[in-house]
1. Only one of LEU464, LEU498, LEU476, LEU429 is of a type outside the set (Asp, Glu) and outside the structural domain of GLY559 (by TED's automatic domain parsing). Can you tell me which?
2. Considering only the range 1-95, give the helices (runs of 4 or more DSSP H) lying wholly within it that have at least 1 residues that are more than 24 Å from ALA288 (Cα to Cα) and either in contact (Cβ under 8 Å) with a residue 24 or more places away in the chain or among the aliphatic types (A, V, I, L, M) (or both).
3. Among the listed residues ALA268, ALA320, identify the single one that is over 30 Å from GLY186 (Cβ atoms) and small (Gly, Ala, Ser).
4. Checking the condition under 25 Å from ARG80 (Cα atoms) and in contact (Cβ under 8 Å) with a residue 12 or more places away in the chain, which residue from SER256, SER226, SER332, SER311 passes?
5. Kindly list the number of the only condition in (1) within 16 Å of the ligand (Cβ to nearest atom); (2) out of contact with any Phe, Trp or Tyr (no Cβ under 9 Å at 6 or more places or on another chain) that fails for LEU124.
6. Return yes when PHE108 is aromatic (Phe, Trp, Tyr), more than 27 Å from LEU234 (Cα to Cα) and modelled with pLDDT of 95 or more and no when it is not.
7. Among the numbered criteria (1) under 21 Å from TYR83 (Cβ atoms); (2) within 16 Å of the ligand (Cβ to nearest atom); (3) touching a Cys at 6+ places or on another chain (Cβ under 9 Å); (4) not polar (S, T, N, Q), which single criterion is violated by GLU248?
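The values are calculated or read from the model by the stated rules, or taken from the named source; none is laboratory data. Keep in mind it's a predicted model, so treat the numbers as computed, not measured. As a convention, Cβ positions derive from the backbone with ideal geometry for all residues, glycine included, and neighbour counts pool all protein chains shown.
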Amino acid sequence: MPAYLHDSVLLYLDKLIDWDDFYTRRKGDGTDVAAERGALRSLLETCAEICTKLEPEARAGWLEPARLENGEVIQPEHVRHGYELLREAGLVSVGVRERFGGFELPSFIANVLIQMVARADAALMTVIGLQAGVAEDIQKYASEELQKLYLPRFVAGEVQGAMDLTEPQAGSDLGGITTRAVEESGRCYLDGQKIFITNGGAAIHLVLARDAETFEQSKSTTKGLSLFICPRVLPDGKKNRVSVERLEHKLGMHGSPTAVIRFERAEAWRIGTKGEGFKAMLDLMNNARLGVAAQGIGIAEAAVEEAVRYSRERKQFGMAIGDQPLMKNMLSRMIVALEGGRALLYRVSTLIDHSNALRATLEREKAASAGERAELQRVLERNQIQIRLFTPLAKFLATESCDEITRAAIQVHGGIGFMAESTVGKLHLDGIVTTIYEGTSEIQVSFALKEIGKGALGIVFEELRKELGALESPVLAPFAARVVGGIERIEASAHALLSDFGYALLSARAVAEMVIAVIVASELLRQADDAPERIELAARWIHVKMLELETQARRVIEGDAGRIERCEKIVRLWA
Ligand SMILES: Cc1cc2nc3c(=O)[nH]c(=O)nc-3n(C[C@H](O)[C@H](O)[C@H](O)COP(=O)(O)OP(=O)(O)OC[C@H]3O[C@@H](n4cnc5c(N)ncnc54)[C@H](O)[C@@H]3O)c2cc1C
C-alpha cells in the first residue's frame, strides 16, 4: 500500500463510514456497494501512486515559478506533468455528475484526493482544487446548455478554472467589489480588475461582479453582485477581452500562478439568480474552504513525515534526537495537531456526504409518506446547521495546524531546517497562505461565531452528548465524561459572550478553539473505539485541550467589553 494512503484515511474508508447506508440512500436498494467501495479504493490507490511519483519532481522544481509569456501563463514543468498524470487517470473534476462523464465522488473521497496531491505538490493542488470547485459551481448554477458545453471539458481536463473575487479594495470584504457587469440586449459584459487570482491563465473564469443597474445603491454591500462565467475564448473561437496583466512573486507556492486579471468589455454569462451571486459564491467558497483544509492536512503530513524520519536519522549526544524526551513531546504534539485537523475535516466531509445522500433519497422516493419525508428533512436541516459551523472551523483548524506543524518541523531539523534547500522550509512557506486565502483565519472564526449566534451549538452539543454517551468502554468513558464537562463549560460561558457582539468578536478565536476542542475530542474517541491503537492520540488531545478550554472559558466569563478598550490602549503604545 503506498504511504500516501495513510492509515487514518483507511480507518474511515474501511470502518467509520457506513457505505451501505450511504449508497443505498444515494442510489437506492440493489446498489452493488462492494463494487462502489472497490472503485473508490482503487481511485485512491491510483492517486497515491501518482503522488509518490510526483513528489521528488515537485520538491526539485519548487522554486520554478509560473511565467507570463505573450499574455499566456506557463505553468512550471512539475505542475504541468502532475496535472497530465491526474488527468489521464480521470482524477480532475471528480465531483462532476456521471451524466457529464464525471465520477460524482463523495466529498470525503474528493478531499482525501486533494490532500494527497497537496502532500506531493501544494502548487499543483491549487490547480486541481479550482478545477473541481469551478466545475461544481457550473453544475449547480449554470444553465443546462452551459453545463453541456463546459462540464465534459472540465472532466476531460481540456479546460481549467479560476475563481475571480478579490480586487485591490475588496479582500475579506467582498462588498467592496466594483467590477461592473452591464447587460445589453440579453448579453452581459464585464469591466474591472481582479487581483491575486490563482491559475489566472485558466480558460474559464468564475467572476463575481456588480450589476450596473443597481451599482450605486448596492455599493459597499454584497447585494447586487452576480456570478458570471467568463471564458478567455468565446464558444465561436474568438478571443474574449480577458487578459493576464501580471503574475505575482510570492514567498512560497511558486508553481501556482497568482495573477492580476483585467476584464475590458469581456463577454460573460450570468449563472444563478441576478443579484444573488454572493450566496452562490459562498457555496463554492465553502467547498473550496474544505479543499484548502485538505491542502493544509496534506502539507502537514509531508512535514510530519520529514520530521519523524530526520529525528530517527540525526544523532546528537550519542543517540537519535528523536529519543530525547523533549523531541518525543514535540513530535507527538505535531501528530496530535495533524490528526485533530484531519478529524474535523473528515467529520464535516462525511456529514456533507450524508446530506447529499438524503437529498438523493428525497428526490428519488417521491412516493414516500409525508411523515418519512418530514423526518428526512428534519435530519437534513440539522446536518446543514452543523455543516455551516464545522466548515469554517475545519478550515481554521487544519490551516493553522499546518502552519504550526511545518514550523515545528523546521525546529526538528535544527540549522539544516533553515537552509534554502530544506524541504520542511519549503513546506512551511507553502503552508502559510492556507491561513490566508479562501478567507483568512480571522474571517473563518467570525463566520463560525455568526453561526453560534444563530443557535448552532444547541444541535451540535446534542449530537456530541449522544455520541459521547454511547462510548461504553471503561477505557473511553472517563475521557468522554471530561469532554461532556468541556461542553458544560462552553455553555456556561455562552451567555457572557453572546450578550455583547463586540466582545464576542474579540473572543472569536477562543470561542472557535473551545468548540473545536470538544468536537475533535469526540471524533478522536470515535476513532479510538474502532482503532484502540489511537487511544493515546485522543487522550493527549483531551488532556491538553480540556485544560486550555477551562482557562479560555474562565477568561470569557470574567472578561467584558472593556477588554476592547484595553487592547486599544496597548496598541496605542506603538503610535
Ligand atoms: C497566493 C494567493 C492566492 C489567492 N488566490 C485567490 C483566488 O484565486 N481568487 C480570489 O478571488 N482571491 C484569491 N486570493 C485573495 C485572498 O482570498 C485574499 O488575500 C484574502 O481573502 C484576504 O484579503 P486581503 O488580502 O485583501 O486582506 P485583508 O482583507 O485586507 O485583511 C488583512 C488582515 O485583516 C484581517 N481582517 C480583515 N477583516 C477582518 C475582520 N472583519 N475581523 C478581523 N480581522 C479582519 C484579515 O484576517 C487579515 O489578517 C489569493 C491570495 C493569495 C495570497
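1. Within the list LEU464, LEU498, LEU476, LEU429, the selection yields LEU429.
2. Details: elements: 7-11, 19-27, 33-60, 77-88.
Once the helices (runs of 4 or more DSSP H) in the range 1-95 are filtered for at least 1 residues that are more than 24 Å from ALA288 (Cα to Cα) and either in contact (Cβ under 8 Å) with a residue 24 or more places away in the chain or among the aliphatic types (A, V, I, L, M) (or both), what remains is 7-11, 19-27, 33-60.
3. Numbers: ALA268 fails: over 30 Å from GLY186 (Cβ atoms).
Unique residue meeting the criteria: ALA320.
4. From the options SER256, SER226, SER332, SER311, the qualifying one is SER256.
5. Of the numbered conditions (1) within 16 Å of the ligand (Cβ to nearest atom); (2) out of contact with any Phe, Trp or Tyr (no Cβ under 9 Å at 6 or more places or on another chain), the odd one out for LEU124 is (2).
6. Working: aromatic (Phe, Trp, Tyr): yes; more than 27 Å from LEU234 (Cα to Cα): yes; modelled with pLDDT of 95 or more: yes.
Here the answer is yes, as PHE108 does meet what is asked.
7. (3)
Yes or no, residue by residue, for (1) among the basic types (Lys, Arg); (2) over 26 Å from GLY129 (Cβ atoms); (3) crowded, with 19+ Cβ neighbours inside 10 Å:
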residue: ARG180; (1), (2), (3): yes, yes, no
residue: ILE204; (1), (2), (3): no, no, yes
residue: PHE215; (1), (2), (3): no, yes, no
residue: SER226; (1), (2), (3): no, no, yes
residue: PRO235; (1), (2), (3): no, no, no
residue: LYS238; (1), (2), (3): yes, yes, no
residue: LYS250; (1), (2), (3): yes, no, no
residue: ALA259; (1), (2), (3): no, no, yes
residue: ARG265; (1), (2), (3): yes, yes, no
